[in-house]
1. Over the stretch 75-178, one equal point on each Cα, no solvent: what is log10 I(q)/I(0) by the Debye formula at q = 0.13, 0.21 Å⁻¹?
2. Set the Förster radius R0 to 22 Å, insert the Cβ-Cβ distance between VAL149 and ALA111 as r into 1/(1 + (r/R0)^6), and round the FRET efficiency to 0.05.
3. Taking R0 as 45 Å, what FRET efficiency do you get between VAL35 and VAL89 from their Cβ-Cβ distance, rounded to the nearest 0.05?
4. When the chain is fully extended, how far beyond the present Cα-Cα distance does ILE100 get from LEU54, taking 0.36 nm per residue of separation?
5. Under a 5 Å amide H to amide H cut-off, with H placed in plane at 1.01 Å, what residues pair with VAL66 once short-range neighbours are removed?
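Readers should treat all values here as calculations from the given coordinates under stated rules, not as data from a laboratory. Quantities reported herein were computed from a predicted structural model and do not represent experimental measurements. Don't worry about glycine lacking a Cβ; one is built from the backbone with ideal geometry, like all the others, and counts go over all protein chains shown.
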Amino acid sequence: AAGVDRWLYAEGTPHIAWRFLPVGIYIGAALYLYVRFGFNVFWLRNLWMLTLFLISVAEDIRKKEVPLELYLVFLVPVIILHVAQCDWVNPLVALALFAIFYLLAKYSNQAIGYGDAVAIPLLCLLGGYQTAGIIVLMALVLVATTGLVLLVTRKANRKTEVPFIPFLAAAYLIYLCF
């Protein structure tokens, strides 16, 4: 219950945490877009993922921590949807990706974070494993390019930690635009 309290309330204050605001905005925007323009599940799913990425980017940059509980809130309905549609490939690939990235995070002293271990499989579930592969490769190119620029300009060294979720979010936006 302490974890739920920490997630529901910001810093122990008696108000709902700010991270619920984007979820409320998502629900309202999704309903508006569906009623007004007849947006389909594809667009609603992408709006859902973008909402999660916006929350994650803010948390990752601010505290170098990704809200894993929030990922679970997003993950459970998606898994149920796949199972209901008898799609076992994407959930199995997502589970394998989670296991790989979780082990990498655990044995690399979190060079790859636990948040990444949850975000990448969620991408796989929402967009399919082919789409997730493209987005992860684009994010790796973006983070490598940024790292190279930071090294050349001497604003960082080889030991500097760079959060990956913002690059994953940027790659997701680029993917949606093209």
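1. -0.52, -1.11
2. Computed FRET efficiency for VAL149 and ALA111: 0.65.
3. It comes to 0.85.
4. Additional length available on full extension: 14.1 nm.
5. Those qualifying (amide H under 5 Å, at least 5 residues apart or on another chain) are GLY115.
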